[in-house]
Amino acid sequence: MGSRNKRLALVAIESVSKEQAEKEFGATIRTEMVATNQVGVWLEFTPKGKLQTFSSVQLEISSGERRLVSATLLPLKQTPDKVVVYFSN
C-alpha cells in the first residue's frame with residue numbers, strides 16, 4: 001500500500017483547572033443554575049495553538065477522590081473564531 005493510505009492520529013489529554021484554562025489557553029469556563037437542581041457548564045475558546053485541531057472535550061467533575069461526572073463533549077457551536085461546548089446535569 002502506498003503512503004496515501006496511511007492514517008495518523010494523535011490523542012492528547014491534558015487536565016487543567018479553570019484558572020489554568022483561562023491563562024494558558026484563553027478558554028472561558030462558566031457554570032450557572034439552568035433549572036432546579038440542574039447546573040450548566042459552558043467552555044468557550046478560540047481554536048488556535050494547542051486547541052487548533054481538537055475533536056472533543058472530556059469533562060470530569062470530581063469531589064476529592066470521587067468522580068461525580070465524566071462525559072465526552074462535542075461542540076455546541078463552532079466557527080473559525082470560537083468554539084462553545086456545553087454540558088448540563
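The values are calculated or read from the model by the stated rules, or taken from the named source; none is laboratory data. Given the structure is predicted, the values throughout are model-derived calculations rather than measurements. Please note: Cβ atoms are built from the backbone with ideal geometry, for glycine as well, and neighbour counts cover all protein chains shown. Side chains are part of the model used for accessible areas, which takes the heavy atoms of the whole protein and leaves out ligands, DNA and RNA. Shrake-Rupley method; radii C 1.70, N 1.55, O 1.52, S 1.80 Å.
Quick notes on this structure:
- Residues (within 12 Å of the chain's Cα centre (by Cα) and among the small types (G, A, S)) located in segment 34-82: S55, S56, S70, A71
- Boolean, V11 is surrounded by 10 or more Cβ atoms within 10 Å (Cβ to Cβ) and modelled with pLDDT under 90: no
- Unique match (being closer than 17 Å to V16 by Cα and open to solvent by 60 Å² or more (accessible area, probe 1.4 Å)) among Q58, Q78: Q58
- Tally of residues being among the polar types (S, T, N, Q) and in contact with a Leu (Cβ under 7 Å, 6 or more places away or on another chain) across segment 51-65: 2
- Only one entry in T53, T79 is more than 22 Å from E32 (Cβ to Cβ) and modelled with pLDDT under 85, namely T53.
- Within segment 56-66, the residues that satisfy the criterion of being in a strand (DSSP E or B), at pLDDT below 90 and either farther than 26 Å from D81 by Cα or not β-branched (V, I, T) (or both) are Q58, L59, E60, I61, S62, S63.
- So T53, is it over 14 Å from A21 (Cα atoms), open to solvent by 100 Å² or more (accessible area, probe 1.4 Å) and polar (S, T, N, Q): yes
- Matching residues, segment 32-50, being open to solvent by less than 60 Å² (accessible area, probe 1.4 Å) and part of a loop (DSSP other than H, G, I, E, B): T46, P47
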